Amino acid sequence: MERLNGWQRLWVLVSFLLGAVAIALIVDSIETESQLTTWYKAEKAMQSMEIEHIQNREAGIEPRSIYETSDKTLAQMDERSKETEQRYQLDLLGLPGKQFKHVATGVGIWLGICASLYVMGWLIGWVYRGFRPKAV
């Protein structure tokens, strides 16, 4: 740190602060297995409610509200249920790769911002030195 000037030290400090913010954003927005499971359970609950509405329609029971109607058939719902199960399994298999890509993208953006700040500071200093009067 002896060789760094004040502006470079400021850049290091800002880079660490941006790193802390980047870590917080990455951790907060990364997809997890529990989020996938929550989505899957919610989707299954919606499907079971729709199946119940279809069964009521086929039994001749009038819906109590517009939300209890469905234009699908039981076969379509069965197919949708299988697709949901397949998507869930594929999402679980691809989760580690998605998480790695998410973290790598976040780190890349952080490094890009830090490098850009350093280059901008260097360029501003270069322009500033060009306007200083020459020492006599």
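The values are calculated or read from the model by the stated rules, or taken from the named source; none is laboratory data. Here the structure is a predicted model, which means the values were calculated and not measured. Heads up, the Cβs are rebuilt from the backbone with ideal geometry, glycines too, and the neighbour counts pull from every protein chain shown.
Of note:
- Failed criterion for residue 93 (all others in (1) surrounded by 14 or more Cβ atoms within 10 Å (Cβ to Cβ); (2) under 30 Å from residue 41 (Cβ atoms) hold): (1)
- Selection status of residue 127, at pLDDT below 90 and of a type outside the set (Ser, Thr, Tyr): no
- Residue list for region 1-32, restricted to those being of a type in the set (Ser, Thr, Tyr) and part of a helix (DSSP H, G or I): 15, 29
- Candidates in region 59-90 are the residues that are assigned to a helix (DSSP H, G or I) and acidic (Asp, Glu); of these, the one that is surrounded by the fewest Cβ atoms within 10 Å (Cβ to Cβ) is 83.
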